[in-house]
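First up is the structure itself, then whatever we jot down about it.
The values are calculated or read from the model by the stated rules, or taken from the named source; none is laboratory data. All of these numbers come straight from a predicted model, not from anything done at the bench. Using ideal geometry, Cβ is built from the backbone for each residue, glycine included, and neighbour counts are taken over all protein chains shown. The area values use the complete protein model at the heavy-atom level, side chains included, leaving out ligands, DNA and RNA. Shrake-Rupley method; radii C 1.70, N 1.55, O 1.52, S 1.80 Å.
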Amino acid sequence: MPKKLLIIGGASLVGSTIIDYAKDNYEIFTTENNTPITNSKVSSIKLNLLDDKKHILDYIEKIKPSAVIHTVAFPNVDFCESNHELTDLLHVKITKDISEICSSVNSKLIYFSTDAVFNGNNSIPYNELDRPDPLSYYGKTKLEAEKIILQNTNNVILRTTVIYGWHIRSRFTNWVLDTLKNKKPVTAFVDQYNTPTLVDDLVKSVFSIIEKDLSGLFHASGKSCLNRFEFAQKLAISFGLDKNLVVPTKSSDISQIAPRPKNGCLDSSQLEDKSGIKFNEIDSGIDHIFSLSNKSTTNSNKV
Ligand SMILES: NC(=O)c1ccc[n+]([C@@H]2O[C@H](COP(=O)([O-])OP(=O)(O)OC[C@H]3O[C@@H](n4cnc5c(N)ncnc54)[C@H](OP(=O)(O)O)[C@@H]3O)[C@@H](O)[C@H]2O)c1
């Protein structure tokens, strides 16, 4: 019997890539909100978690998946900073209900958290033992969700950062590439560092976690710690675009509603050791998406 996997948010960057990588030994169930899932190997239901929480709880109870992969969150940290109640509802309250139902049917819950649980003052990449101290409301609610989910020791938290791929939902890389292709300037921060994460690596680690039945808190990100300016310049060079259009900018030059950690770099060596999956350095990760761009001219991965 194939293992049943439920992806909450099947059209997400992570969720749709999981669908792409799933082998025949998985039966895939998903939820869709605004983006229809057209993949024939998937059973999907339409639901908005904010309007109809009971639907997802009933669905989990009915399917009893081996694992539930919860990818739904507000992607915009500034929106979260200005909308506390909605953010609490989606990130914390609904996640708590999902976590409880998963425990009651013995489904492993895998949840994606963020570097924004840290204040960014570390001088080196953060590991799992470093003390969280979120600056933004997004980070605070993600940390709360982590604590709830980890009450069940079978569950998994993957803290990740700046996920990218050759995909319509790869926000930073698409913005940089589209702007440069239009010969417009890209303003990119020199004082916000991350370890950008190739979505393919993240997804491979999810399958390894399920297959090896790993549990607990892991950092799950790429190996190279660099700032957004450096990332944008590397993209420009690899895609043959004008790197001089990438304009170095300081966070203090642009007003952003939510505070961001200066250092959002994560150390994923623990997950690499346990899962056997090696995360890419930035150069090989960009090479990967460049090679995919030669195969398909649009980055509109279908779901
Ligand atoms: N992307 C990053 O760089 C990054 C970094 C750190 C952590 N994370 C975390 O990783 C996880 C996955 O991120 P991602 O970038 O793959 O996500 P994403 O592409 O932004 O997709 C978000 C998903 O949430 C669904 N959704 C949004 N509002 C919903 C609602 N009210 N009810 C039901 N579904 C709803 C969307 O469905 P529809 O499209 O159908 O509306 C979509 O499937 C998230 O928890 C995120 O916080 C991401």
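Each 10 Å bin from 0 upward holds the following percent of the Cα-Cα pairs of the range 71-140: 18, 42, 32, 8, 0.
Using only side-chain charges placed at the Cβ, +1 for Lys and Arg and -1 for Asp and Glu, the dipole size of the range 147-303 relative to its Cα centre rounds to 460 debye. Rounded to the nearest 20 debye, the dipole size of the range 3-295 about its Cα centre is 400 debye, using +1 on the Cβ of Lys and Arg and -1 on the Cβ of Asp and Glu. Isolated cysteines of the chain, defined as having no other cysteine beta carbon under 4.7 Å away, are 80, 102. Within the shell defined by Cβ-Cβ distances under 15 Å, the residues around residue 101 carry a net charge of +3, with Lys and Arg each +1 and Asp and Glu each -1. Its residue count N fixes a reference of 2.2 N^0.38 Å for the range 3-295, and the Cα radius of gyration divided by that reference is 0.97. Apolar share of the accessible surface for the chain: 50 percent from carbon plus sulfur atoms, 1.4 Å probe. For the cross-link pairs 4/234; 62/142; 23/46; 4/46; 64/262; 41/108, the ones whose C-alpha atoms lie over 30 Å apart are 4/234; 64/262. Amide H contacts of residue 44: 30, each under 5 Å away and 5 or more positions distant or on a separate chain (H built 1.01 Å from N in the peptide plane; Pro and chain starts excluded).
Return the long-range amide H neighbours of residue 126 (sequence gap of 5 or more, or a different chain), with a cut-off of under 5 Å between placed amide H atoms. Residues meeting the amide H criterion: 265, 266, 267.
Annotation: amide H-H contacts under 5 Å for residue 224 (H modelled 1.01 Å from N, sequence separation of 5 or more, or interchain): 282. Near residue 87, once Lys and Arg are set to +1 and Asp and Glu to -1 for all other residues with Cβ below 13 Å from its Cβ, the sum equals -2.
If you restrict to DSSP beta bridges whose two residues both lie in the chain, what percentage is antiparallel, to the nearest 5? Of all bridge pairs located within the chain, approximately 5 percent are antiparallel. Taking the charge dipole of the range 3-295 about its Cα centre, with +1 at Lys and Arg Cβ atoms and -1 at Asp and Glu Cβ atoms, the residue from 87, 232, 44 reaching farthest to the positive side is 44.
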